[in-house]
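What follows is a short report on a single structure.
Each reported figure results from applying straightforward, stated rules to the coordinates on display, with no laboratory input. Computed from a predicted model, the values in this text were never measured in an experiment. Positions of Cβ are backbone-derived with ideal geometry, glycine not excepted, and every protein chain shown enters the neighbour counts.
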Amino acid sequence: MGLIGFLILFPLLSALLLFFIKSDTARDAIVVVSVATIVVATLALCIGNLSTPPVYFEFDSQVVEIVCTILSVVIGVIILWFAWKYKNVLAGVLGAIQLVAALIFDFAVAPGVHVEQGLYIDSLSVMMAFIIGVIGSGICLYALGYMKDHVAHHSEEEDRRPLFFALMFLFLSAMFVIVFSNNMIWMFTGWEVTTLCSFLLIGYTRTEEAIANSFRQIIMNIAGGLGFLLALYYCAINMHTLSFVEFIQMGISAPAVISLPVCALAFAGITKAAQMPFHSWLLGAMVAPTPTSALLHSSTMVKAGVFLLVKLAPLFAISTAPAVMVVLIGGITFTLASFMAISQSNAKRVLAYSTVANLGLIVACAGVGTPEAVWAAMFLILFHAAAKSLLFLCVGTAEHHIGSRDIEDMDLLFERMPQLARNMMVGIMVMFIAPFGMLISKWATLVSFVDNHQVALIILLAFGSAATFMFWAKWLGKLSGIAGHPANVEKTVYKSEWAAIYTMTALALVFCVALPVISSGVVMPYISGVYGYTMMALDSDILALMSILSIAVIFVLLAGSTGGSKKRKVDAYLAGVSVNNADRTYRNALSQEATATVRNMYLADTFGEETITPVAVVSTTIIIIGAFAAALATVAALL
Amino acid sequence: MGFASKSPWVIHYDASSCNGCDIEVLAALCPGYDVERFGIINTGNPKHADIFLVTGSVNEQNKPVLQEIYSQMLEPKVVVACGCCACTGGVFHDCYNVLGGVDKAIPVDVYAPGCAVRPEAIIDAVVEGLGVLEQKSEALKEQQKRGA
Amino acid sequence: MDMNFFLSTIIGTLCFAVLAPIVGCLLSGADRIISARMQGRVGPKLLQPYWDVRKLLGKDKIAVSGSEDTYINLALFFSLLAGGIFFSGGNFLLVVFVITLSSLFFIVAAYSTRSPYAEVGAARETLQVMSYEPMILLMTVAFYQVVGTFDVGGVMLMNHPVICTAWAAFLGLLFVLTIKLRKSPFDISSSHHAHQEIVKGTTTEMSGPTLAKVEIMHWVENVLFMGWVGVFFVYANPISIAVALIAVVLIYFFEIWIDNNFARVKWQAMLKWAWIAALIAGGLNVAFLAFM
């Protein structure tokens, strides 16, 4: 338990220091030391608790309760202040409602309910801790170099790096609170801190767009937070408990009782995990500096949403209304977000849609709620965290060195930024193709859908996966081009950036290779802890075969893509007389010089945002309203 | 016989003819003469072709085009000049802009005369070219052996 | 861990690597003869595809990009592995994923040359994969629902062939099979015929031995896809294997007939119809099997 406390408190300390210290060298030192400490502590925690059964710690402190109340007030005040400053009425109203509701809860409702086991640890929180502690802090390390470039590129802006780094570390701390708290009030506090942190991080540049997008984020997430609060009220008043584990146990024995709070919690999870119709906040979040996006997408924020839903999975298996909501929203989000990703050429937007889509898959798995589906969901979380952070870091670095985040401008990146392009290619392949992790997880997802007769999900998955292939393959192809010998522009990339990028690549690959071990060492213990038995969608033989194949593919690709082919190099065919073949310029039929250029297909007429967004928003909104109506009807029937 | 001559894939380029020979070349490649019996396939791509069928005379404008297509074909390769213009410049030989036959730009292996060249003549010329292709293929094998 | 699984996969792959090119080559030769006859011609000899590949292997060795070779080797290897897994009775979904991996490497090989024509071809090939993938996935799901396992070998324990209850999925497979076999009207990424707007599409820059490997890969793929057709007819009764072979021959003839009778369509039409086929044939079949 000491380590848990350390992991929660230490990032807070770093955040405080970083907030008050303005010097560059001191910041470098603090970040490096903090990251190293967090990584070591996380690893110690993970190794010490490998294959741990769920362990609940007797921990209850008046101080923590007071801190939670104070934090609620602080969060409320900050939101109200920003809402007043930027004249955003909706955010102000929602913030005020939440502040009042939270205060009433803290003073009038919560004191009657006592939670003895405030903290806990199980294999899912170990896995989440690894993601937060290693991947999340790796992104903080990356941010050091990136933010130097950012400040240099945006000299007109005020240098707000102290606030930036403080928020990043505060984020990690809040995430640790979420994954280790059994007391739902504490969990809620962590939840709200992440909402506030991402609000401030998205609005970091204070441009008009950034402010607008940060308000969109805060409005949607306060709505989700209110859902969480509703569940807290219900639990405290009707069920007399605020212990998460007790809540789940009571729910399993009396599914009708928990229909409404599970719906409310699922709603909170859906907003946080940026599921449709709330996906627009995550897309807006990319106005922030890239490390923020990487952090939001891979290891924090959205992962808190899916974490909550995966925790609720056993309840979804028995409670129809929330399960239907979660399953359908997840499935629709996966397919439609994948469709929209096809139409994007902005790399960060593609990544954002892909995140929304993959989270949709995790949400759908959680909604199915069987051991098989949870197995798939946990692997999706793990691989997504590693691969997506890697891709964001790569895109961020590419953007600073080629001056664009457009995929079309990444033409020839294979030679312009050879190391970066290879890392990016690994990230992309891990995201969508066999024998790498995401595909294996998707495969398990498919099997669990089939075994549970989720026909709608099977069909959504089939079409969504096809779209996934399209948008990743064309990006991969664009990166792989080789022509002429353009200048290498990656010599000025900071060492801290390389360190983070290579760490993420290594993690992504190690996860792929170690998949069978992770399955038996981390994922299975969680599932048997929750369900009492285990079940896996895939044979261990297949996992082993995939593990071997992923080693083989990476090895051959790295050996072969160094351009070591002994064949004589010739020019490309241009259907005319080449003027400069390396630049693909030729003399055309009118004796004029022309350059052959090819853009990828984006199929905007078919898969454009304008076409698909309305369908997505309307259908998912109807589903949410319907599920809440059904849950309310269940409650009414009980009364 | 080796494999080089069993699957001669051709590419056709019209340098600057009256189109008479081009029509005959296409006629030869059409189902009526069914050259696929001999494994002949018309490819639109010099990198896949073994036999280069050229019609028309060479001028300054198309000389570099001819040379580029020729240079993009892989060894072993054979050039067949189809029609009088491609062989010598034909009726255009003394035009101010005409350099002469195809051999003014690239080495020619087989000449198929005629104005316009008859499909039978083209087929005969290609079959004649197969022998040359075979020789060149042997030579390439020798060279590769020595190189290795 | 079960060593038998690895052993059977390896042996299966080795056998497939020897036999599939032979069968695929003969299929391709027959295809060309039948096509010629449909066009009122005599056509080449049965072994013409073999001679073509031998000729290509003897040509000069050149490349536009240094990594194209690696990608093609991987593509060929994975198509062989997919066939090996399939014919040794392995997991059907795994087969689908491995053959998709092979397609991906083929696409990346085309992209890596950064030739305008090859890039257009690669983009269209990607579209083709996107078009057929949903139907293929739904087909494997229907297979699983009928047989109770994803293992292809499972059909040998069935007392009726898969097609009895999965005939709609089979029809859907036939529809996308035309894309997978690269037949007209869906040969939009690279056509057998010269003089088209994208030269030779994906294979524009692949020449000599590299092109030979691509040809062999296509043979191998065709054998695998015909295996998918055949598996719908096989069950515990040994005679069913003969029936499956006859079915495969008929279906292959049918595909050649389609190839010779339909003009190429635009990608929009391909995507639309392939997805409609997947939704109706695949979706309904899966739903029926799940709930009935």
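Within 10 Å of the Cβ of each residue in C:94-107, the mean number of Cβ atoms contributed by other protein chains is 4. Cβ crowding within 10 Å ranks B:Ser7, C:Ser184, A:Ser404 as A:Ser404, C:Ser184, B:Ser7, fewest other Cβ atoms first.
Sorted largest first, the spans of the alpha carbon positions of chain A along the three principal axes are 85, 57, 47 Å. Here chain A carries DSSP beta bridges of which approximately 90% are antiparallel, counting only pairs with both residues inside. The modelled label-to-label distance between C:Leu7 and C:Trp257, using points 7 Å beyond Cα along the C-beta direction, is 4.6 nm. Backbone N atoms of the stretch C:255-292 closer than 17 Å to the 7 Å Cα→Cβ label point of C:Cys164 belong to residues C:289-290, C:292. Computed from Cα positions, the angle between helix C:116-147 and the longest principal axis of chain C comes to roughly 10 degrees.
Applying a length cut-off of 15 Å (Cα extent along the axis) and a mean Kyte-Doolittle floor of 1.6 to the DSSP H helices of chain A leaves A:2-20, A:24-48, A:62-85, A:89-104, A:161-180, A:302-316, A:320-342, A:540-560, A:609-638. For chain B, the relative contact order works out to 26 percent when only alpha carbon pairs closer than 8 Å and six or more residues apart are counted. Could you compute how fast the protein assembly as shown diffuses translationally, taking Rh as the Kirkwood radius over C-alpha pairs and applying Stokes-Einstein at 25 °C with viscosity 0.890 mPa s? Give it in µm² per second. Translational D for this selection: 79 µm²/s.
Residues with beta-carbon under 15 Å from that of C:Gly148, excluding C:Gly148: net charge, scoring Lys, Arg +1 and Asp, Glu -1?
Working: positive: none; negative: A:Asp451, A:Asp539, C:Asp151.
Local net charge: -3.
From the alpha carbon centroid of the stretch A:128-155 to that of the stretch A:65-107 is 29 Å. The alpha-carbon of A:Lys22 sits under 17 angstrom from the alpha-carbons of these lysines, leaving out residues fewer than 8 places away in its chain: A:Lys148. Which pairs break 24 Å Cα to Cα here: B:Lys63/B:Lys145; A:Lys569/C:Lys266; C:Lys180/C:Lys213; B:Lys77/C:Lys61; A:Lys566/C:Lys45? Result: B:Lys63/B:Lys145; A:Lys569/C:Lys266; A:Lys566/C:Lys45 exceed 24 Å.
Give the range of the longest stretch in chain A that excludes all GluC sites (Glu not before Pro) found in loop regions by DSSP and having at most 10 other beta-carbon atoms within 10 Å. Don't skip to the end; give the middle numbers.
On the way: sites that count: A:Glu58, A:Glu156, A:Glu158.
My reading of the result: A:159-639 is the longest stretch.
Built from the Cα atoms of the stretch C:30-183, the convex hull projects on average onto 11.5 nm², one quarter of its surface area.
Restricting the calculation to Cα atoms, the stretch A:587-639 yields a radius of gyration followed by a Dmax of 25.8, 85 Å.
Counting only DSSP beta bridges whose two residues both lie in the protein assembly as shown, roughly 45 percent are antiparallel. The local environment of A:Gly269, defined by Cβ-Cβ distances under 15 Å, has a net charge of +2 under the rule Lys, Arg +1 and Asp, Glu -1. In this simple spin-label approximation, A:Ile70 and B:Lys141 carry label points 7 Å from Cα along the Cα→Cβ vector, and these lie 8.9 nm apart.
Put the Cα centre of the stretch A:399-420 next to the Cα centre of the stretch A:305-341 and the gap is 36 Å.
Close amide H contacts of C:Asn91 (hydrogens built in the peptide plane, cut-off under 5 Å, sequence separation of 5 or more or a different chain): C:Val152. For A:Val510 and A:Ser253, the FRET efficiency from 1/(1 + (r/R0)^6), where r spans their Cβ atoms and R0 equals 45 Å, is about 0.65.
Calculate the FRET efficiency for A:Asp583 and A:Ala552 from the Cβ-Cβ distance with a Förster distance of 22 Å, rounded to the nearest 0.05.
Details: r = 36 Å, r/R0 = 1.64.
Using R0 = 22 Å, I get an efficiency of 0.05.
Ellipticity at 222 nm from helices only: DSSP H runs of n ≥ 4 in the protein assembly as shown, each -39500 (n - 2.57), divided by the residue count, give -22000 deg cm²/dmol.
Averaged over the residues of A:592-599, the number of partner chain Cβ atoms lying within 10 Å of the residue Cβ comes to 3. For a straight C-alpha distance cut-off of 14 angstrom, the aspartates and glutamates reachable from C:Lys55 (same-chain residues fewer than eight places away being disregarded) are B:Asp50, B:Glu75, B:Glu134, B:Glu138, C:Glu215. The phi-based Karplus calculation (6.51 cos²θ - 1.76 cosθ + 1.60; θ = phi - 60°) puts the 3J(HN,Hα) values of the stretch C:77-86 at 4, 6, 5, 5, 4, 4, x, x, 5, 5 Hz, whole numbers, x for Gly and Pro. If R0 equals 22 Å, the separation of the Cβ atoms of A:Val93 and A:Ser619 corresponds to a calculated FRET efficiency of about 0.20.
Here's the list of lysines a cross-link from A:Lys388 could span, going by alpha-carbon distance under 16 Å and ignoring same-chain residues fewer than 8 apart: A:Lys303, A:Lys348, A:Lys442. Principal semi-axes of the equivalent ellipsoid, √(5λ) from the alpha carbon gyration tensor of the stretch A:84-242, are 32, 23, 10 Å from largest down. The convex hull drawn around the Cα atoms of the stretch C:3-291, when projected onto a plane and averaged over every direction, covers 15.1 nm².
Would you calculate the convex hull of the Cα atoms in the stretch A:515-564 and tell me its volume per residue in Å³? Can you show the working numbers first?
Numbers: hull volume 3.6 nm³, N = 50.
Dividing the Cα hull volume of the stretch A:515-564 by its residues yields 71 Å³.
Cα centroids of the stretch B:3-70 and the stretch A:25-59: 70 Å apart. Near the amide H of B:Val79, within less than 5 Å, lie the amide hydrogens of B:Phe52, B:Asp109, B:Val110, all on another chain or at least 5 residues away, with H placed in the peptide plane. Label-to-label distance for A:Ala637 and A:Met1 is 4.1 nm, based on points extended 7 Å past Cα in the beta-carbon direction.
The Cβ shell under 10 Å around C:Thr178 holds other residues with a net charge of 0, Lys and Arg each +1, Asp and Glu each -1.
When the charge dipole of chain C is built from unit charges on Cβ atoms (+1 for Lys and Arg, -1 for Asp and Glu) and taken about the Cα centre, the candidate among C:Gly89, C:Pro238, C:Gly148 whose Cα reaches farthest toward its positive end is C:Pro238. With distances taken between every two different alpha-carbon atoms, the stretch B:4-147 has a Kirkwood hydrodynamic radius of 15.0 Å.
Binning the C-alpha pair distances of the stretch A:354-471 at 5 Å intervals from 0 yields a P(r) profile of 2, 11, 21, 21, 15, 11, 8, 6, 3, 1 %, listed from the shortest bin outward.
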